[in-house]
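Participant: Handing you a structure now.
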């Protein structure tokens, strides 16, 4: 084949420029700024900065509440992934059985996606309201006096429930389209080869969903880490007290409420490195086991 | 009498089967297909099967067919004739609205596909993409709780038979079309079923490979002596593979018979036009006063068989049975204007018009193309008469 060499042109750079500017402005610059300020002790009132080396890192991570937050973040993330992926998969499988070949329904179900995230968060707050929340009523009926905002455990449950619930529609849509992408003839071949529908699902359908699941796992971890900020903030109403907070929310609290810019920056740098490491682990270990057809 | 050769790729095999019914022994494929003993209980009985969809559409309208032990029956017909639906009803992938299907004497209407003792080759092979060839073959056996050593033995045996031993540890995506086809067959063989179902398995292959795989399927099925249903829209595949052909049209059986029989005595104009390539010429004609009138003019073309009621008929004439001769050479016949010539190598097709109808004739390519005013001749014994309205054979 003949290789075509295009002359130097500014067009590609021009077309890329908006994206590159956004990346530079909203990611690279703040990240660099965070990295720089994590090595300084900032004076919140007079704007003087003193270079303190790794002191911020040592101070932040050795604080007692840092360990607690890290622990909660791990529990929070794993719970959200398991709950929202599990429920979404179950829903998608049942929807798929009904939807095979009926696209009008499919379009109708996709509308779930259109519910705005903040609205979903607010609905969650209402559901767990101590006086009028139906979920609190339900817990009370089970003999569990829920005190969201007061009890550490109860708040954690409510946060996880709302955050997982908000993520279900996204997972559902991806799982559903993944399921619909599996050719009918494969399911039929499996039906001839295996009498148990459950076994068919775990041996044929689920492995074929692996690329979707892997993608969603990455998305959900990122979601649990960063995008749950809004939900947590709405639920805690900015007053953490004795309640559980994730590392990201702690960065916000320490930086903007505690005015400890250096410590907060150090924490966000640690988070950045953690997420980077996590991503590498995911792609190295899990993706190897994922089959892309 | 000249039996002219058919379209290039399938010429040899087709001609062998296309030999007239009077001499079936000429065809080696048919000779090998000795019919099973009539007393044996049929492997499959389809008894008045009807498929009606909830929206009222009817795909299969009361079909009754038996498949004997070791017999290969081909369902053939144009798309939408219900052949695939019927096959899927046998497999258990479609419900049976009415009627009954029995496999080895057992009613299977309510039986799960996995328990019907069948194996199926799909059009796109439907191999499990995340499993190796070995796992693909073993999957069905594993689910039935077959013992590990037994699975290994069966997989090795099937792989050897299909010459896929070298690919056992590859994934389907690393195989060519022909190799995938073999794996799909292997998946059926290891199950050791009482019935093989083939759903247009060759339609994704190129022409050369198709011819080769066709022959392999035939040999394999003979060797394993397992009954089989093979669905295709390709009449050449039907002719070459089948012990018996079932021609379907609009969800109904048009004709059931051995390939030679279906070719020699098509039961209707539909079958006549569908089986054989190029298709049989169908010419409107009229029987009046014991003579045959074609087009506007009464032509002493051929005397109709005795005892046929006067009226309008459709006259059928196979291209390879028609001869185009210069009028100067032989008197009579139907005036023929030559429009186009198609060279097929061994034979050549002469397209033209006779008595207002389009007519195709096939002639030996060794003979010169006839020149000058031409006429169409045919042996009266080679003419088929069909009812002009219903299309059924008279």
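The values are calculated or read from the model by the stated rules, or taken from the named source; none is laboratory data. Note that the structure is a prediction, hence the values are computed from the model and not measured. All Cβ positions, glycine included, derive from the backbone under ideal geometry; neighbour counts span all protein chains shown.
Participant: Just name the residue that is farthest from the other protein chains (Cβ to nearest Cβ) out of those in region A:184-193 that are touching a helix residue (DSSP H, G or I) at 6+ places or on another chain (Cβ under 9 Å) and surrounded by fewer than 22 Cβ atoms within 10 Å (Cβ to Cβ).
Facilitator: First, the residues of region A:184-193 that are touching a helix residue (DSSP H, G or I) at 6+ places or on another chain (Cβ under 9 Å): A:186-193.
Pick out the ones that are also surrounded by fewer than 22 Cβ atoms within 10 Å (Cβ to Cβ) and you get A:186-188, A:191.
Working: A:186: 5, A:187: 9, A:188: 5, A:191: 5 Å.
Among those that are touching a helix residue (DSSP H, G or I) at 6+ places or on another chain (Cβ under 9 Å) and surrounded by fewer than 22 Cβ atoms within 10 Å (Cβ to Cβ), it is A:187.
Participant: Given the criterion under 18 Å from residue B:276 (Cβ atoms) and either in contact with a helix residue (DSSP H, G or I) (Cβ under 6 Å, 6 or more places away or on another chain) or assigned to a loop (DSSP other than H, G, I, E, B) (or both), identify the matching residue among B:331, B:381, B:366, B:362.
Facilitator: Numbers: B:331 fails: under 18 Å from residue B:276 (Cβ atoms); B:381 fails: either in contact with a helix residue (DSSP H, G or I) (Cβ under 6 Å, 6 or more places away or on another chain) or assigned to a loop (DSSP other than H, G, I, E, B) (or both); B:366 fails: under 18 Å from residue B:276 (Cβ atoms).
Going through B:331, B:381, B:366, B:362 in turn, the sole match is B:362.
Participant: Filter region B:137-153 for residues that are assigned to a helix (DSSP H, G or I) and within 14 Å of chain A (Cβ to nearest Cβ); which is surrounded by the most Cβ atoms within 10 Å (Cβ to Cβ)?
Facilitator: B:137
Participant: Tell me whether region B:157-164 contains one or more residues that are without any contact (Cβ under 8 Å) to a residue 60 or more places away in the chain, in a loop (DSSP other than H, G, I, E, B), crowded, with 20+ Cβ neighbours inside 10 Å and more than 13 Å from every other protein chain (Cβ to nearest Cβ).
Facilitator: Yes, region B:157-164 contains a residue that is without any contact (Cβ under 8 Å) to a residue 60 or more places away in the chain, in a loop (DSSP other than H, G, I, E, B), crowded, with 20+ Cβ neighbours inside 10 Å and more than 13 Å from every other protein chain (Cβ to nearest Cβ).
Participant: Continuing with the same structure: Would you check which residues across region A:256-272 are surrounded by fewer than 20 Cβ atoms within 10 Å (Cβ to Cβ) and over 15 Å from residue A:31 (Cα atoms) and list them?
Facilitator: Within region A:256-272, A:256, A:257, A:258, A:259 qualify.
Participant: With at pLDDT below 80 and touching a helix residue (DSSP H, G or I) at 6+ places or on another chain (Cβ under 8 Å) as the only criterion, which of A:133, A:121, A:101 stands out?
Facilitator: Exactly one residue qualifies, and that residue is A:121.
Participant: Something else: At pLDDT 90 or above, outside any strand (DSSP E or B) and either in the same structural domain as residue B:283 (by TED's automatic domain parsing) or over 19 Å from residue B:288 (Cβ atoms) (or both): is that true of residue B:342 in this structure?
Facilitator: Working: at pLDDT 90 or above: yes; outside any strand (DSSP E or B): no; either in the same structural domain as residue B:283 (by TED's automatic domain parsing) or over 19 Å from residue B:288 (Cβ atoms) (or both): yes.
No; evaluated as a whole, the condition is false for this residue.
Participant: Another one. Please work out if residue B:126 is farther than 27 Å from residue B:274 by Cα, at the interface with chain A (Cβ under 8 Å from one of its Cβ atoms) and in contact (Cβ under 8 Å) with a residue 60 or more places away in the chain. Give the steps one after another, and end with the answer.
Facilitator: Numbers: farther than 27 Å from residue B:274 by Cα: yes; at the interface with chain A (Cβ under 8 Å from one of its Cβ atoms): yes; in contact (Cβ under 8 Å) with a residue 60 or more places away in the chain: no.
Answer is no for this residue.
Participant: Which residue out of A:286, A:280 is part of a helix (DSSP H, G or I), surrounded by fewer than 20 Cβ atoms within 10 Å (Cβ to Cβ) and free of Cβ contacts under 8 Å to residues at least 60 places away in the same chain? It would help to see each step written out before you state the result.
Facilitator: Working: A:286 fails: free of Cβ contacts under 8 Å to residues at least 60 places away in the same chain.
Being part of a helix (DSSP H, G or I), surrounded by fewer than 20 Cβ atoms within 10 Å (Cβ to Cβ) and free of Cβ contacts under 8 Å to residues at least 60 places away in the same chain holds for just one of A:286, A:280, which is A:280.
Participant: Mind listing whichever residues of region A:202-212 are more than 7 Å from every other protein chain (Cβ to nearest Cβ) and closer than 21 Å to residue B:146 by Cβ? Before you say what the answer is, go through the steps one by one.
Facilitator: Here is the first cut: in region A:202-212, the residues more than 7 Å from every other protein chain (Cβ to nearest Cβ) are A:202-203, A:205-206, A:209-212.
Listed by number, the residues that qualify are A:202, A:203.
Participant: Just one of (1) crowded, with 19+ Cβ neighbours inside 10 Å; (2) within 10 Å of another protein chain (Cβ to nearest Cβ) trips up residue A:178, so point out which.
Facilitator: (2)
Participant: Let me ask something else about it. Evaluate region A:198-210: report whether one residue or more is touching a helix residue (DSSP H, G or I) at 6+ places or on another chain (Cβ under 9 Å) and under 30 Å from residue A:33 (Cβ atoms). I'd like the intermediate steps shown before the answer.
Facilitator: Of the residues in region A:198-210, the ones touching a helix residue (DSSP H, G or I) at 6+ places or on another chain (Cβ under 9 Å) are A:199-201, A:203-206, A:208-210.
Checking which are under 30 Å from residue A:33 (Cβ atoms) leaves us with none.
There is no residue in region A:198-210 that is touching a helix residue (DSSP H, G or I) at 6+ places or on another chain (Cβ under 9 Å) and under 30 Å from residue A:33 (Cβ atoms).
Participant: Any idea which residue in region B:166-175 is surrounded by the fewest Cβ atoms within 10 Å (Cβ to Cβ), counting only those that are away from chain A (no Cβ under 14 Å) and either within 14 Å of residue B:189 (Cβ to Cβ) or in contact (Cβ under 8 Å) with a residue 12 or more places away in the chain (or both)?
Facilitator: Initially, region B:166-175 is screened for residues away from chain A (no Cβ under 14 Å), giving B:166-169.
Within this subset, residues satisfying the condition of being either within 14 Å of residue B:189 (Cβ to Cβ) or in contact (Cβ under 8 Å) with a residue 12 or more places away in the chain (or both) are B:167-169.
Numbers: B:167: 21, B:168: 18, B:169: 10.
Looking at the filtered set, the residue picked out is B:169.
Participant: Name the residue, out of B:237, B:297, that is under 29 Å from residue B:341 (Cα atoms) and modelled with pLDDT under 90.
Facilitator: B:297
Participant: So, in region B:271-280, exactly how many residues are in a helix (DSSP H, G or I) and surrounded by fewer than 22 Cβ atoms within 10 Å (Cβ to Cβ)? Working first, answer last.
Facilitator: The initial filter retains those residues of region B:271-280 that are in a helix (DSSP H, G or I), namely B:271-274.
Subset that is surrounded by fewer than 22 Cβ atoms within 10 Å (Cβ to Cβ): B:273.
Of the residues in region B:271-280, 1 are in a helix (DSSP H, G or I) and surrounded by fewer than 22 Cβ atoms within 10 Å (Cβ to Cβ).
Participant: Across region B:77-102, what is the number of residues that are outside any loop (DSSP other than H, G, I, E, B), more than 23 Å from the chain's Cα centre (by Cα) and either exposed (fewer than 15 other Cβ atoms within 10 Å of the Cβ) or within 14 Å of chain A (Cβ to nearest Cβ) (or both)? Please lay out each step first, then the result.
Facilitator: Filtering region B:77-102 for residues outside any loop (DSSP other than H, G, I, E, B) gives B:83-91, B:98-102.
So of that shortlist, the ones also more than 23 Å from the chain's Cα centre (by Cα) come out as B:98-100, B:102.
Of the ones still in play, those that are also either exposed (fewer than 15 other Cβ atoms within 10 Å of the Cβ) or within 14 Å of chain A (Cβ to nearest Cβ) (or both) are B:98, B:100.
Number satisfying all stated conditions: 2.
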